[in-house]
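Colleague: One structure is given below, represented as C-alpha cells, and several questions about it will come after.
The values are calculated or read from the model by the stated rules, or taken from the named source; none is laboratory data. These numbers were taken from a predicted model, which means no experiment stands behind them. Virtual Cβ from ideal backbone geometry, glycine too; neighbours counted across all protein chains shown.
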Amino acid sequence: MKIDMHVHSKYSTDGKEEIEDIIKQAKRVGLSGIAITDHNCVKGWGEAVEFGKKHEIIVIKGEEVSSSEGHILAYGIREKIEKGLSPEETVKKIREKGGIAVAAHPYRISNGVGESVVRRTDFDAIEGMNARSPSFINRKGIRLAQELRKPMTGGSDAHTLTEIGRAYTVFPPEISDVNGILKAIKTGKASVEGQSQSGKTLFKQGCRKIGRWVKRGFRRI
C-alpha cells in the first residue's frame with residue numbers, strides 16, 4: 001500500500017491545488033492514500049476526508065508545522081499546532097493532540113530542522129525520502145535515520161498535481177486505516193520509495209522560492 005505522506009493544497013501559502021483534484025490525482029497515480037500537510041493550516045481537513053471517502057482514498061490529517069528551527073510534520077493530530085515553538089515543544093504539542101511527529105526534510109537548508117535538532121529531539125520518525133529534495137540530501141536523511149534507528153517516512157512534498165506520488169511510504173497490505181498507518185510508522189514497519197529532485201528542476205523551484213520569499217518581505221513560511 002502506497003501513501004504519499006506530504007501533500008500541500010491551496011490552503012498552504014505556497015499551494016494552489018483544490019482538495020478534490022488532489023484526491024483524484026492520488027487515485028489516478030495508484031496511491032492508496034495521502035496526508036494533507038499544509039503549512040501551519042488545517043482548513044483542508046474536512047474537504048479531504050469527504051472527498052477521500054467519495055474516491056476511496058485514505059486521508060491522514062496532518063500539518064507541516066514551522067517550529068522555531070525548521071519544519072516538522074504532524075500526523076493524526078486532532079487540531080492545529082501553533083507555529084514558532086521550539087522543536088521540543090512542537091513535538092510535545094503534537095503528541096498531546098494525539099499525533100506523531102516527523103522531522104521534515106531535515107537537511108534542507110531553507111527550512112529543515114538540521115541534524116543537531118534531530119539528534120537532540122525525540123521525533124517519532126524522520127522524512128527519509130522527499131521528492132523535492134536532491135538525492136544527496138535524501139541520502140543524508142536516510143543515513144541519519146538508520147544511524148539513530150529511527151523509522152522513516154516518504155512523501156512528494158507536492159505543491160502541484162503532477163508532483164503527487166513522486167515519493168511515498170509503503171505500508172504492509174493488511175493495514176487499512178489511519179490508526180494502523182500511524183502505528184506502522186512508529187514501529188518501523190513502513191519503508192520509503194520514490195524519486196529525488198533533478199538539478200534542473202531544483203534550480204527552477206529555488207528561483208520561484210526566492211521570488212515568493214521576497215514578496216513575503218523576507219519572512220520564512
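Colleague: Could you list all residues from the stretch 17-49 that are of a type in the set (A, V, I, L, M) and surrounded by 20 or more Cβ atoms within 10 Å (Cβ to Cβ)? Break it down into steps so the answer makes sense when it comes.
Modeller: Keep residues of the stretch 17-49 that are of a type in the set (A, V, I, L, M), which gives 19, 22-23, 26, 29, 31, 34-36, 42, 48-49.
Answer for the stretch 17-49, where residues must be of a type in the set (A, V, I, L, M) and surrounded by 20 or more Cβ atoms within 10 Å (Cβ to Cβ): Ile19, Ile22, Ile23, Ala26, Leu31, Ile34, Ala35, Ile36, Val42, Ala48.
Colleague: Going by what's in this entry, would Asp14 be described as surrounded by 22 or more Cβ atoms within 10 Å (Cβ to Cβ) and either in contact with a strand residue (DSSP E or B) (Cβ under 8 Å, 6 or more places away or on another chain) or over 17 Å from His159 (Cα atoms) (or both)? I'd like the intermediate steps shown before the answer.
Modeller: Numbers: surrounded by 22 or more Cβ atoms within 10 Å (Cβ to Cβ): no; either in contact with a strand residue (DSSP E or B) (Cβ under 8 Å, 6 or more places away or on another chain) or over 17 Å from His159 (Cα atoms) (or both): yes.
Answer is no for this residue.
Colleague: Now a separate question. Are any residues in the stretch 1-31 closer than 25 Å to Ile175 by Cα and free of Cβ contacts under 8 Å to residues at least 40 places away in the same chain, and if so, which ones?
Modeller: Ile19, Glu20, Ile23, Lys24, Lys27, Arg28
Colleague: What's the number of the only condition in (1) out of contact with any Asp or Glu (no Cβ under 6 Å at 6 or more places or on another chain); (2) within 21 Å of Ser110 (Cα to Cα); (3) at pLDDT 95 or above; (4) not acidic (Asp, Glu) that Thr13 fails to meet?
Modeller: The failed condition is (3).
Colleague: Which of the residues belonging to the stretch 180-191 are assigned to a helix (DSSP H, G or I) and either buried (at least 18 other Cβ atoms within 10 Å of the Cβ) or touching a Phe, Trp or Tyr at 6+ places or on another chain (Cβ under 9 Å) (or both)?
Modeller: Going through the stretch 180-191, the residues assigned to a helix (DSSP H, G or I) turn out to be 180-186.
Passing the criteria: Gly180, Ile181, Leu182, Ala184, Ile185.
Colleague: Restricting the first residue to the stretch 54-77 and requiring it to be more than 22 Å from Arg108 (Cβ to Cβ), which pairs with a second residue that is of a type in the set (Phe, Trp, Tyr) meet a Cβ separation below 9 Å and a spacing of at least six or different chains?
Modeller: Pairs that qualify, where the first residue is more than 22 Å from Arg108 (Cβ to Cβ) and the partner is of a type in the set (Phe, Trp, Tyr), are Ile57/Phe51; Val59/Trp45; Val59/Phe51; Lys61/Trp45; Lys61/Tyr75.
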